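Asker: Please see the structure below; I have some questions.
The values are calculated or read from the model by the stated rules, or taken from the named source; none is laboratory data. What you see is a predicted model, and the numbers here were worked out from it, not measured in a lab. All Cβ positions, even for glycine, are placed from backbone atoms using ideal geometry, and neighbour counts span all protein chains on display.
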Amino acid sequence: MGKINILDKSVYNRIAAGEVVERPFSVVKELVENAIDSGADNISITITDGGKQLIRVSDNGCGIEKDDLPKAFMPHATSKIENVEDLDTIATLGFRGEALASIASVAKVTITSEIEGASFGYTITAENGVVGEPEMYPFDKGTTVEVFDLFKNIPARAKFLKPSKNEETDITNIVSRLILAHPEISFKYTADDKMILQSYGGGLSEAIIQIYGYEAASDCMIIDTVKNGIKISGYIGNYYFVKPNRTYQTVILNGRYIINNTIQSAIHNAYSGYLMKRKYPFYILNIEMPKEFVDVNVHPNKTDVRFMDNQVIYGIIYSVISKALDGSAGAENIVKSNPYFQLDPGSRPIVKQPKPDVADMKLVKCDRPYEPQLFSPTSPHFAFRHAKEPVEFVGGDPEEKAALDDIFAENKKYIEQLEKEQKEREAKQETFDVDENFRIVGQVLTTYLILEKGQEIFFIDQHAAHERLIFDKLMEDFKKGKVAEQSLLVPVVIRTNEKETEFLLGKLDYLHGMGMDIVEYDVNQFNVYSVPLVLTDLDVNAFIEDILSDMTLRQSDVPDIIREKLAQKACKSAIKSGKVLSDGEKGALLMQLKDNMGLRCPHGRPVAVKITRTEIDKWFKRIV
Ligand code: ADP
Ligand code: MG
C-alpha cells in the first residue's frame, strides 16, 4: 500500500471534515474499512460489551511497516493519497488519515502487524494520546487493531453510549452491510464470544443467505442491468416481502456501503404503490459507475456521496426498480432467474467451507503481490472484484472526455423522457390518501366504485381492493398466530432424516402457533393432525417439504407457500366484479381502504386510479 505520509494542509483542508468516531459501530466501520483497503481476503471482528470494552479487527492484508506504525496514529497520516489530484481518483475506502488518530484520542489502541515476507511483526500501543514505540512481536502476515475501553476516560462521551445490547445491534448492522459490500472477503464476527455472523467470500448470493437466510433470498428478485454506463444489480424484495424498518436496505456504490437520499427515494418511490404505511422494502442494491460520476469526499465517514447529476441517478434507479416490480416491458432484461426461489432440498447450493481464523493462521504467504483495491472501472481488479462484465468506462483524455459528455447528453435525454412518462403515469395513478371528506358516487359496470373527493375522482376496482384488504388481514393474523385449526380426517405422515427431525423439533412451537397440530410420532416421523383453518386445502407434505428445504425459517417469516395460499384465499373470498354492492358494503370497503388507495392487489394490479378535475376539464376544453 506504500508508505504512510502526512498530508499537506492544502490537501486535508479539501477533505470533508468532522468527527468520525461517534459510537462503537463507527470504530468498527473504520477498522474494517482499513482492513479491506489493506487487500485482506479474511477479516475477523470481535467485540465485547457492545464494543465498549473491546473492539478487535484482524486481517490478512498487506500489513504496516515498523517505521509506519507510529505514523499511523498521527492526524492526516495516510498511505492512500498524497496530493489534491488524488482526491479525484480515490480508489480506497479510507483517505482522510484520521480514523486511527481519532480513535486513539478516545481509547487505548494497540496495532500489531507484520508485512509480507517479514519473519516477525511489531506491536505498538497508544493511550491517552501518548504513542509508544514499536516492539518486536511474533505474528502472521496482516494486521490486528485492538481498541480497549472506548470513551472510558471521557465521561461526557461515554454518557451518550447506548446500552451494550443496542450498541451491539448497531455494530451487527454495520458489519452486515460491510459483508454485503464485500462478499468476496471472508468475514467472521463474534460478540461476547458468541458467533454472530460468518461469510466465506463466495459472492453476494452466499453473503445474503448467510446474513438473512434462504427465505430472504428466495423472496427477492435478482436484478442485473447496465443503463447508460451505470450498472445496477443485486437483490430487491418482491413487493410483499416487507420489513418494519430500514435496516434491511443496503446500497453499495462502487464497493462502498453508502446511505444516500437520492437513491433511497428513487427505490422507495418505485415501491410506493405496493407498500402499506410504515413498511419498508428489502433490498441490497449494487451500483457501479465511472468515478467521474460521483464524489465520495463529501462526508467525514464517507457514508454519503454526491452525484454529478442527481436526476440522472434517480431516474435510472427508479425506472429499473419500477420495471422489475411491474414486470412491465423491459423487465425481462433486468430480472434474472432466482435459483433460491422454491428451492427443493436437493438443489440447495453448497456453501463454501470456512477459512481458518485470521488470528489462528500461521504466517500465510501471499502468492500474489498486493495491489491496492482500485475501484476504477479501468482496472482489471475492478472487473474481478465487482462485476462479471465491467461497466463501460469513459476516462480522462480528450477523446474519452467527449465520450463522457455524450453519455451525459444521452442521460439528459433519457431523464426527460422518463420524467414525461412519469408525469403521464402520475396523472393516471399514484399513491394517495382519502380522508373523511369523500362522497361515494356509486358503482359502475358492477366492477368499479367511483369516489369524489375535493377536485379528484377515484375509480376503485372492488375486487382488487377487497382482495388486498383481506390479504393484509390474513397475513397479519397469521403472523400473530391468530388462526383457528381444522382437524384432518386422517393424519398426514411426514418422514424425515435426522437433520430434518432436529430442525422440525425446534420449530414445533412455531408450527403450533400457526395453527398446525404436528407431533413427533416416532423416530424420524411426524404426524400432522390439524392445519390452520385458512389453509384447509393446503398440501401438508408440500408445505413441510418447503420448510425443510429452507431450514432457516425464523419466527417472523411467512413461508412462500403460505403466502401464496393466503393470496388465493383472499382472492376467493373477496367480492367479485359483477357483484352489485349495497350502500353499506360500498361504505365499509372504502372506509377500510382510506389511507391505502395506492396499494396493489396481491398480484400487483392497482387498487385505485385517480382522475383530477384538470384532466376532465381538459377533455371538455375548458382548459387547454
Ligand atoms: P486512512 O484509512 O484514511 O488512510 P486511517 O487513520 O484509518 O486513515 O489509517 C492510517 C493509515 O494506517 C492508513 O493509510 C494505512 O496506511 C495504515 N493502516 C491502518 N489500518 C491498516 C490495516 N488494517 N492494514 C494495513 N494498513 C493499515
Ligand atoms: Mg481508514
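Asker: Within the stretch 34-84, which residues are polar (S, T, N, Q) and within 21 Å of LEU150 (Cα to Cα)?
Answerer: Applying the first criterion (polar (S, T, N, Q)) to the stretch 34-84 yields 34, 38, 42, 44, 46, 48, 53, 58, 60, 78-79, 83.
Those that are polar (S, T, N, Q) and within 21 Å of LEU150 (Cα to Cα): ASN34, SER44, THR46, THR48, GLN53, SER58.
Asker: Suppose we filter GLY273, GLY234, GLY255 for residues that are under 12 Å from the mean Cα position of the chain (by Cα) and either under 22 Å from GLN311 (Cβ atoms) or not hydroxyl-bearing (Ser, Thr, Tyr) (or both); which single one remains? Break it down into steps so the answer makes sense when it comes.
Answerer: On the way: GLY273 fails: under 12 Å from the mean Cα position of the chain (by Cα); GLY255 fails: under 12 Å from the mean Cα position of the chain (by Cα).
Exactly one of GLY273, GLY234, GLY255 is under 12 Å from the mean Cα position of the chain (by Cα) and either under 22 Å from GLN311 (Cβ atoms) or not hydroxyl-bearing (Ser, Thr, Tyr) (or both), namely GLY234.
Asker: Among the residues of the stretch 135-160, write down those that are farther than 17 Å from ALA35 by Cα and assigned to a strand (DSSP E or B). Show your work before the answer.
Answerer: To start, the set of residues in the stretch 135-160 that are farther than 17 Å from ALA35 by Cα comprises 135-138, 148-160.
Correct list: GLU135, MET136, TYR137, PHE148.
Asker: Within the stretch 463-493, take every residue that is in a strand (DSSP E or B) and surrounded by fewer than 15 Cβ atoms within 10 Å (Cβ to Cβ) and give me the one that is nearest to the chain's Cα centre (by Cα). Walk me through how you get there before you give the answer.
Answerer: First, the residues of the stretch 463-493 that are in a strand (DSSP E or B): 485-493.
Adding the requirement that they be surrounded by fewer than 15 Cβ atoms within 10 Å (Cβ to Cβ) leaves 487, 489-490, 493.
Working: SER487: 41, LEU489: 45, VAL490: 44, VAL493: 39 Å.
Of everything passing the filter in the stretch 463-493, VAL493 is nearest to the chain's Cα centre (by Cα).
Asker: Name the one entry in VAL106, VAL21 that is modelled with pLDDT under 85, part of a loop (DSSP other than H, G, I, E, B) and under 30 Å from ASP193 (Cα atoms).
Answerer: Numbers: VAL106 fails: modelled with pLDDT under 85.
None of the other options fit; the residue is VAL21.
Asker: If we scan the stretch 115-134, do we find a residue that is farther than 30 Å from PHE293 by Cβ, part of a helix (DSSP H, G or I) and more than 33 Å from the chain's Cα centre (by Cα)?
Answerer: Pass one, the stretch 115-134, residues farther than 30 Å from PHE293 by Cβ: 115-134.
The next check asks that each one be part of a helix (DSSP H, G or I); those that pass are none.
No - not one qualifying residue is present in the stretch 115-134.
Asker: Tell me the residue from ASP59, ASP49, ASP37 that is within 10 Å of ligand 1 (Cβ to nearest atom), surrounded by fewer than 24 Cβ atoms within 10 Å (Cβ to Cβ) and not hydroxyl-bearing (Ser, Thr, Tyr), please.
Answerer: Working: ASP59 fails: surrounded by fewer than 24 Cβ atoms within 10 Å (Cβ to Cβ); ASP49 fails: within 10 Å of ligand 1 (Cβ to nearest atom).
Exactly one residue qualifies, and that residue is ASP37.
Asker: Are any residues in the stretch 62-89 more than 10 Å from ligand 1 (Cβ to nearest atom) and touching a helix residue (DSSP H, G or I) at 6+ places or on another chain (Cβ under 9 Å), and if so, which ones? Talk me through it step by step, then tell me what you get.
Answerer: Here is the first cut: in the stretch 62-89, the ones more than 10 Å from ligand 1 (Cβ to nearest atom) are 66-67, 70, 82-89.
Residues satisfying the conditions are GLU82, ASN83, VAL84, ASP86, LEU87, ASP88, THR89.
Asker: In a loop (DSSP other than H, G, I, E, B), more than 14 Å from ligand 2 (Cβ to nearest atom) and modelled with pLDDT of 95 or more: which single residue out of GLY63, GLY50 fits that description? Walk me through how you get there before you give the answer.
Answerer: Working: GLY50 fails: in a loop (DSSP other than H, G, I, E, B).
Checking each option against the conditions leaves just GLY63.
Asker: Exactly one condition in (1) in contact with a strand residue (DSSP E or B) (Cβ under 9 Å, 6 or more places away or on another chain); (2) modelled with pLDDT under 85 is not met by LYS479; state its number.
Answerer: Here LYS479 meets the rest and fails (1).
Asker: Quick check on my filter: what residues within the stretch 85-99 are among the acidic types (Asp, Glu) and not in a loop (DSSP other than H, G, I, E, B)?
Answerer: Quick first cut of the stretch 85-99, residues among the acidic types (Asp, Glu) only: 85-86, 88, 98.
Of everything in the stretch 85-99, those that are among the acidic types (Asp, Glu) and not in a loop (DSSP other than H, G, I, E, B) turn out to be GLU85, ASP86, ASP88.
Asker: Among THR123, THR92, THR112, which is within 13 Å of ligand 1 (Cβ to nearest atom) and more than 26 Å from ILE15 (Cβ to Cβ)? Walk me through how you get there before you give the answer.
Answerer: Working: THR123 fails: within 13 Å of ligand 1 (Cβ to nearest atom); THR92 fails: more than 26 Å from ILE15 (Cβ to Cβ).
One residue alone meets the criteria, THR112.
Asker: With the condition kept exactly as written, say whether any residue in the stretch 520-529 is more than 28 Å from LEU593 (Cα to Cα) and buried (at least 18 other Cβ atoms within 10 Å of the Cβ). Show your work before the answer.
Answerer: Taking the stretch 520-529 as the starting set, the residues that turn out to be more than 28 Å from LEU593 (Cα to Cα) are 520-529.
Then drop every residue that is not buried (at least 18 other Cβ atoms within 10 Å of the Cβ), which leaves 526, 528.
Yes, the conditions are met somewhere in the stretch 520-529.
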